[in-house]
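Beneath this line is the structure, given in C-alpha cells, with notes to follow.
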Amino acid sequence: MTTDKPSNRLHPKVDEAYDLMQRGKLDRRGFVRIAALLGVGATAAYTMAGLPAPAMANEMPFPEPEGDPVSGGTLRVGMLVQRMDDPATFSWTEMSNQARHIVEYLAMTGVDNVTRPMLAESWEASDDLMTWTFYLRPGVKWHNGDELTADQVAWNVERWTDPALGSSNIGLSSIAALVDNVDTGEQDDDGTPRMETRLRDGAIEIVDDLTIRFHCKQPVLSFPEDLYNYPTAIVHPSFTAPFSANPIGTGPFTLSQLAVGERCILTRVRETETGEPFEYWGGEVFLDEIHYYNFDSENQLVAFAGGDVDAIFSFGHEQMAFAEAIDGTILPARTAQTLAVRVKVDQEPFNNKTLRQAMQAGLDRARIRELVFGEAGDVGEDHHVSPVHPEYAELPPMVRDVERSRELLAEAGYPDGIDLTVDVGNTNGVWQQSVCEAMRDQWRECNIRLNINVMPSSRFWEIWDQTPFGATSWTHRPLGTMVLSVGYRAGVPWNESNYNNPEFEAALNEAESILDPDERRVVMERVQKIMQDDAFVFLPVWQPVYTIARGNVHGYPPHPTTYHQFNKVWVG
C-alpha cells in the first residue's frame, strides 16, 4: 500500500485568517474553525488562537472521557426509532443516530463548531480552494475485515451524485462543485430540454490507496464541514438497501435488533465476520450496548421521569418546568433548528409574489417567539441563516404592518381576503402547531384565513416536499451556507419550495469562497435579503433545544444538531 503524505505548509488563507484575528476582524473561535477546515490540527489551531484546547482523546475527534470511566454497561435512550434504509437518503437525524455508531464520516464537527478528521487522518486544500486532498487513516477496518480505502470513499461520493438515488448530499456546496447540469437530449412535455446532474469528468482522483483528491469547479471553504452532514456516512461498497439487513461499518457498534417504532439495539463489535479480533481505530469505547427505545417527542421526558431510559433525544421549551422537577442534568443548546413554513413558488396561488408579500407583512415574529418560547430561542427573519451561524449578517428588523398586508392582498387579486391551508406534522413537538396557530391569529387581522391541517408525523413526512403549503422542521447545520445549499438551490432533492433564483445561487457561491468575515457578511447580507424579499418561507423562530441525562451518565453530548456520538460516554 502506498501513501501520498500531506505537506506541512500552512494554507495561505490560514495566514490571512490569523492576520484578520490579530486585527480584531475575526474572533478567536472563528479563527480556530477556519484553520481546522484548512488542515491545521484542532489543538494547534487553538494554540495559535491563544485559547485552551478542549481535551481530545489522543488527537481523535472524540473528547476525553469525563472522570474515571468504567467499562461495560448499557445506555438507554428515548428517541423515535425509525427505518434504516439508506444512509445517503436519511431524512431524519434520528435515523442517522441509530446508524452513527456503525457507519462513520470522513470528518466530525464537534460541539465547539470545529471540524476534526474522523475516517480521514488529515486534509489539505489548494490555495484557490478548488482542490481538496483527503488522507485516510491507515488500518481502519470494516466489520467484515476489509480495510478502508480511497476507492471505497470515491464509490460513496459517486453514488451521492447519482440523480437516480436522490440523495440530499448533491445540494452540499462541496458535492455540488463536483457536478454539472447536462442536457440529456430529451425534452419535457412543454419542449423544455431535460437536464440532469452528473459527476464531472476528473472530479475525483484516486492518488493512492489512502489518498483521494476532489477537483471542484468553484472555490469551497466548507468541504470538510460538509462531510459531517448526516447523510454523508461512508458505507461499504457491498451495500444494498436496506442498511439494517447488512449493517457493515467501521464504527465500534453493530445492529443487533431493529423493530421500527419499538427499539433499536446496538452492541459492541468484538470480532470481524472472518473471526479475527476487531480493533476499533478510535480508541477505547466504554459502553457494551446502546438501546434506543421509541418515544415520541411529547413522551420522551415522561419516559425519563419514569426510569425507562437514561437519556433522551430532546424535549421542548414547554416541558421545562417538568424537566426541572426531575432528577437529571438538563443540557441546553442554542441552535439553528427551526420550522420553515414555506410555499411552493411555482404553484397557485403562491406563484403570486404579491400574495406572498402580503402574508409576510402580516407577521410579528418577535411576538410569535414570545408566545411559543418565551425569552428562549431567537427571532427569525424569513431566511434560513440563524444568528448562531458564523456568517450571519444582521438585517433590519421585520416590522408587522397590517394595513400594508391588506393593501398587498388586494393588489394580488384578493380584496375580500383568501382562505389557505397549511399542513403541519408536529414532527418534533407541538410547538410547531403553536407557531402555525400564532401565525393564523395574526393573519386573521389581515383577512388571510388560515386552516391548520394537523397530520400524524409519519403521514406528514410522506408529503412534506409535495404539499403546496407546509410547515417543515429543519435541523441545525453548523453553517448557514450549508442549509441554503441543501434546501434552496434549484433542483436539489430537498428544495421543497421549488425555489429557483440564479441571483441567489450566484451570491451564495460567492459567499462560500470568502474568508474575511466582514466581506463575507456583505455578500451574505445580499443572500439573506434576496431570500427574504422573495417571501416564500416564513421562518419566525429559531428553536431552543434541550436534552437531559441521569447523573450516572457521563459525557452525554449536548450537540446543537442533536447528533449522537457516544464513543466516550460511560455509565456508572
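Points worth noting:
- Verdict on G139 being more than 23 Å from the chain's Cα centre (by Cα), of a type in the set (G, A, S) and surrounded by fewer than 16 Cβ atoms within 10 Å (Cβ to Cβ): yes
- When L408, L363 are checked against the criterion of being farther than 30 Å from Q82 by Cβ, outside any helix (DSSP H, G or I), at pLDDT 95 or above and of a type in the set (A, V, I, L, M), L363 stands alone in meeting it.
- The range 142-162, subset crowded, with 16+ Cβ neighbours inside 10 Å and assigned to a loop (DSSP other than H, G, I, E, B), residue nearest to the chain's Cα centre (by Cα): T161
- Within the range 465-475, tally of residues that are assigned to a loop (DSSP other than H, G, I, E, B) and in contact (Cβ under 8 Å) with a residue 40 or more places away in the chain: 3
- All conditions but one from (1) in a loop (DSSP other than H, G, I, E, B); (2) hydrophobic (A, V, I, L, M, F, W, C); (3) surrounded by fewer than 23 Cβ atoms within 10 Å (Cβ to Cβ) apply to M48; the one that does not is (1).
- Every condition in (1) surrounded by 15 or more Cβ atoms within 10 Å (Cβ to Cβ); (2) closer than 29 Å to P544 by Cα holds for A321 except the one numbered (1).
- In the range 456-486, the residues that are in contact with a Leu (Cβ under 7 Å, 6 or more places away or on another chain) and of a type in the set (A, V, I, L, M, F, W, C): F469, A471, M482, L484, V486
Residue-wise test of (1) at pLDDT 95 or above; (2) over 25 Å from S173 (Cα atoms); (3) surrounded by fewer than 18 Cβ atoms within 10 Å (Cβ to Cβ).
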| residue | (1), (2), (3) |
| --- | --- |
| W431 | no, yes, no |
| N451 | yes, yes, yes |
| E462 | no, yes, yes |
| T467 | yes, yes, no |
| T472 | yes, no, no |
| R477 | no, no, no |
| M482 | no, no, no |
| V492 | no, no, no |
| S497 | yes, no, no |
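- Tally, over the range 60-106, of residues that are charged (D, E, K, R), closer than 20 Å to R263 by Cβ and touching a Ser or Thr at 6+ places or on another chain (Cβ under 9 Å): 3
- Filtering the range 221-238 to residues that are surrounded by 19 or more Cβ atoms within 10 Å (Cβ to Cβ) and assigned to a loop (DSSP other than H, G, I, E, B) leaves L221, S222, L227, Y228, N229, A233, V235, H236.
- Top-ranked residue in the range 388-440 [being touching a Lys or Arg at 6+ places or on another chain (Cβ under 8 Å) and of a type in the set (A, V, I, L, M); ranked as nearest to R365 (Cα to Cα)]: M398
- Restricting attention to the range 454-481, the residues that are out of contact with any Cys (no Cβ under 8 Å at 6 or more places or on another chain) and either assigned by TED's automatic domain parsing to the domain that holds S314 or within 26 Å of Y392 (Cα to Cα) (or both) add up to 11.
- Single residue of V345, V285, V309 found to be in contact with a helix residue (DSSP H, G or I) (Cβ under 6 Å, 6 or more places away or on another chain) and either in contact (Cβ under 8 Å) with a residue 40 or more places away in the chain or not in a loop (DSSP other than H, G, I, E, B) (or both): V309
- Complete set of residues in the range 21-45 that are assigned to a helix (DSSP H, G or I), in contact (Cβ under 8 Å) with a residue 60 or more places away in the chain, buried (at least 21 other Cβ atoms within 10 Å of the Cβ) and out of contact with any strand residue (DSSP E or B) (no Cβ under 8 Å at 6 or more places or on another chain): V32, I34, A45
- Candidate set: the range 547-567, residues that are among the polar types (S, T, N, Q) and buried (at least 20 other Cβ atoms within 10 Å of the Cβ); chosen: the one nearest to F295 (Cα to Cα): T547
- Filtered by the rule that a residue be more than 19 Å from Q543 (Cα to Cα) and among the small types (G, A, S), the range 296-330 gives A303, A305, G306, G307, A311, A325, G328.
- Unique residue being closer than 20 Å to F253 by Cα and of a type outside the set (G, A, S) when the list is R116, R100: R100
The values are calculated or read from the model by the stated rules, or taken from the named source; none is laboratory data. The model shown is predicted, which means the values in this text are computed figures rather than measured ones. Positions of Cβ are backbone-derived with ideal geometry, glycine not excepted, and every protein chain shown enters the neighbour counts.
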